[in-house]
Amino acid sequence: MRRRIWLLILIFSLLATSGCWGRVEFPQAVVIGGAGMDLLPDRNILTSFQLMLPPDISRGPSFVVVSAPGQTVSVGRRRITLESPGVQIIEHIAAFVVGEAMARNLVDMVDLMLRSPHLRENTDIFVARGSEARQVLETAPVIEKSSAQALKAMIRSQDPTTGVYTEVRINEVLSKLAAPGIEPVIPGVEVISDASGKKTLRLSGTAVFRKGHLVGWLDTRESRGYRWLRPKQVRGGTVTVTCPFDGKPVLLEMLRTRSEIIPRLENGRVAFSIKIRDDAMFYEQRCTHDLLTSPTISQLEAEGERQIEDEVLAAIYKAQSLGSDIFGLGLAVSRRYPRAWQSMEKNWESLFPSVPVSVQVDVNIRRSNFLTKILYLR
């Protein structure tokens, strides 16, 4: 009898607590596909949300952008609710875009990125180069449903193929802003017009920061140099070298790239050696010569090494000219020489622009897609 009573209590308690706490019915929800922040001339922040439209009205635009100004981002967001009915679901945004004027004062947004319970830290972040974040969000993509989804797809698809820009997420920016001896970078996006005048998006440069403020940009070549020095193993990317016989282009695809930053102390001064090892694949040639011989492969590898070294040094020199240690050279010193770093840390901003850095690259062509001879046409 007692067992039956407990069973009835259990059943009634389950019925009373059934359902999902805090659930939002789909008709009441408004999914935010992308978010953007711009700094206005009066120092207020313009908050922009890319609201995804329901599928039943997708014959027209698949999204609409709404904006509202405020002294803080939260004030702007609350004002947006006055214009868009429904519960805003911000947890699924594909990209977070910061206007260039706002990026010059990125420190104003750190509290938002740290404190907001709705903004996911693994969201991709971009800087609208030469434009506002709202303009980026308003640009309709060719394939994806929204510009935010297009940006996420663009930064990820170019990495294993072209290998120019580095995908950056909010948590990486926050960790580098807080860590000594390293500064964050963020990929840039530009609004351009095609031949017909239609606006489209293009990845454009890498924004460099110092103490939470935008101080300059890496160009395409320098962005590739930065990418080779990512702390994790890099996969993908291409290097175009020349045929040693007639100078025609030969494409090498990088399979795996590993880099190591080695600090050393010499008479109380710090210097750095950077070692990069690339495993490459012989991917394409436009000449008709037999290039898969030991002497020719060595020549192609040497030219690939010189090209990667030049790109890395270009990125280092640009970072030093901007006074921003985006590679974490100071962080490497703090890990290897913690006592020496204690005396360097306060003066690292003045020491970094002049520290000597040497780069050594080792490229090894490992594969040729099972082809050892070129097809000769008779």
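The values are calculated or read from the model by the stated rules, or taken from the named source; none is laboratory data. Bear in mind the structure is a predicted one, so any value in this text is a computation, not a measurement. For neighbour counting, all protein chains shown are included, and Cβ atoms are generated from backbone atoms with ideal geometry for every residue, glycine included. Just so you know, the surface numbers come from the protein's heavy atoms only, side chains and all, with ligands and any DNA or RNA stripped out. Shrake-Rupley method; radii C 1.70, N 1.55, O 1.52, S 1.80 Å.
Of all residues in the range 264-299, count the ones that are more than 28 Å from W341 (Cα to Cα) and over 30 Å from the mean Cα position of the chain (by Cα). Qualifying residue count for the region: 15. At least 2 residues being out of contact with any strand residue (DSSP E or B) (no Cβ under 7 Å at 6 or more places or on another chain) and open to solvent by 50 Å² or more (accessible area, probe 1.4 Å) is the threshold, and among the helices (runs of 4 or more DSSP H) wholly inside the range 85-196 those reaching it are 107-115, 147-157, 170-178. Taking E222, is it over 14 Å from the mean Cα position of the chain (by Cα), closer than 27 Å to V239 by Cβ, surrounded by 15 or more Cβ atoms within 10 Å (Cβ to Cβ) and not polar (S, T, N, Q)? It is true that E222 is over 14 Å from the mean Cα position of the chain (by Cα), closer than 27 Å to V239 by Cβ, surrounded by 15 or more Cβ atoms within 10 Å (Cβ to Cβ) and not polar (S, T, N, Q). Looking at the structure I just gave you, is P244 in a loop (DSSP other than H, G, I, E, B) and free of Cβ contacts under 8 Å to residues at least 60 places away in the same chain? Spelling it out, P244 is indeed in a loop (DSSP other than H, G, I, E, B) and free of Cβ contacts under 8 Å to residues at least 60 places away in the same chain.
Here the range 71-84 is the region considered, the condition is being out of contact with any helix residue (DSSP H, G or I) (no Cβ under 9 Å at 6 or more places or on another chain) and in a loop (DSSP other than H, G, I, E, B), and the residue that is modelled with the lowest pLDDT is S84. Checking each residue in the range 197-213 for being open to solvent by 30 Å² or more (accessible area, probe 1.4 Å) and under 20 Å from the mean Cα position of the chain (by Cα) picks out T200, R202, R210, K211, H213. Within the range 254-263, the set of residues being closer than 19 Å to R367 by Cβ and open to solvent by 40 Å² or more (accessible area, probe 1.4 Å) comprises R256, R258.
The condition of being of a type outside the set (G, A, S) and more than 24 Å from I326 (Cβ to Cβ) does not hold for L229.
Can you tell me which condition E301 does not meet? The list is (1) in contact with a Gly (Cβ under 8 Å, 6 or more places away or on another chain); (2) buried (at least 17 other Cβ atoms within 10 Å of the Cβ), and all the others hold. Every condition holds for E301 apart from (1). Number of residues in the range 225-253 that are β-branched (V, I, T) and open to solvent by 40 Å² or more (accessible area, probe 1.4 Å): the value is 2. Flag set for L251, criterion: of a type outside the set (D, E, K, R), more than 30 Å from A133 (Cα to Cα) and not in a loop (DSSP other than H, G, I, E, B). Looking only at the range 164-202, residues that are closer than 25 Å to F272 by Cα and touching a Ser or Thr at 6+ places or on another chain (Cβ under 8 Å) come to 8 in all. Suppose we keep only residues that are in a strand (DSSP E or B) and of a type in the set (D, E, K, R) within the range 267-294. Which one would you say is modelled with the lowest pLDDT? The extreme case among them is E284.
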